[in-house]
Amino acid sequence: YFDKHPHGELMSRFTNDADNVQLALEQSVVSMCSSCLMFVGLVAMMLFINWKLFLVTALVLALTMVLFNKLGGRSRRFIEGLKVVKAFTHEEQAKDQFRKLNETYRDAAQKANFYSTMIMPVSGNLMNISYAATAAFGGLLSVLQGFDLGGLVVYLNYSKQVGQPLNQISQQMTTLLSALAGAERIFEMMDTQPEVDQGSVT
């Protein structure tokens, strides 16, 4: 096993991957849970106030979820593709290989961060569009069907706030994706069957 798996790779799993998982468990999971609870509460209140207005908001929320899925999937693919960079004792021969591995690592990390950080501004703009569309549709409901203006103002406040938990979730995506990739590598090593000591060396 140790002939096939260099020490640097194993140490990376014990340090970098374990640290990523620990960071996610200490910070990201708590933030994600609170954001999800806030999101569910806001959606329930908006449905209670006016379900017709919520249809407009739901359309944008659906687009935002698709966005999270697409960009988050691309970010995770690059995070999972990060290679462990190792250097060997034959320094001169390893320099070129190390440079190529380092450039590959940098490019993958940049792409992963690009897709994960892109989620927040795009979703923020979608929520602004949703706010404007909801205000326009709510105005029509007020004129045509006598929808209470006070209820419209309360609903618009909720629709503006519903983007906050989504933004908080998007901010934790990079950490969570890194932790998931690290956890997969850790569990892969933990699930490895131990070699049986035959009492002799071949």
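Of note, L141 satisfies the criterion of being touching a Phe, Trp or Tyr at 6+ places or on another chain (Cβ under 6 Å) and of a type in the set (A, V, I, L, M). Of the residues screened, V196 is one that is open to solvent by 70 Å² or more (accessible area, probe 1.4 Å) and farther than 21 Å from N50 by Cα.
When segment 143-179 is filtered for residues that are under 19 Å from M118 (Cβ atoms) and open to solvent by 80 Å² or more (accessible area, probe 1.4 Å), the ones remaining, listed by number, are Q164, Q171.
The set of residues in segment 1-24 that are of a type in the set (D, E) and surrounded by 12 or more Cβ atoms within 10 Å (Cβ to Cβ) comprises E9, D17, D19.
The condition of being within 30 Å of V29 (Cβ to Cβ) and open to solvent by 70 Å² or more (accessible area, probe 1.4 Å) holds for N128.
This table checks each residue for (1) in a helix (DSSP H, G or I); (2) touching a residue at least 40 places away in the same chain (Cβ under 8 Å); (3) within 30 Å of Y1 (Cβ to Cβ).
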residue	(1), (2), (3)
F98	yes, no, yes
N125	yes, no, no
V154	yes, yes, no
Q168	yes, yes, no
T175	yes, yes, no
E184	yes, yes, yes
S200	no, no, yes
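Taking segment 1-42 as the range and being hydroxyl-bearing (S, T, Y) and assigned to a helix (DSSP H, G or I) as the test, the residues that pass are S12, T15, S28, S31, S34, S35.
Of the residues examined, V84 is not one that is out of contact with any Pro (no Cβ under 6 Å at 6 or more places or on another chain) and modelled with pLDDT of 70 or more.
The values are calculated or read from the model by the stated rules, or taken from the named source; none is laboratory data. For clarity, every value in this text was computed on a predicted model and none was experimentally measured. Neighbour counts are summed over all protein chains in view; Cβ atoms, including those assigned to glycine, are modelled from backbone coordinates with ideal geometry. Each accessible area value is taken on the protein alone, full model and side chains, heavy atoms only, with ligands, DNA and RNA left out. Shrake-Rupley method; radii C 1.70, N 1.55, O 1.52, S 1.80 Å.
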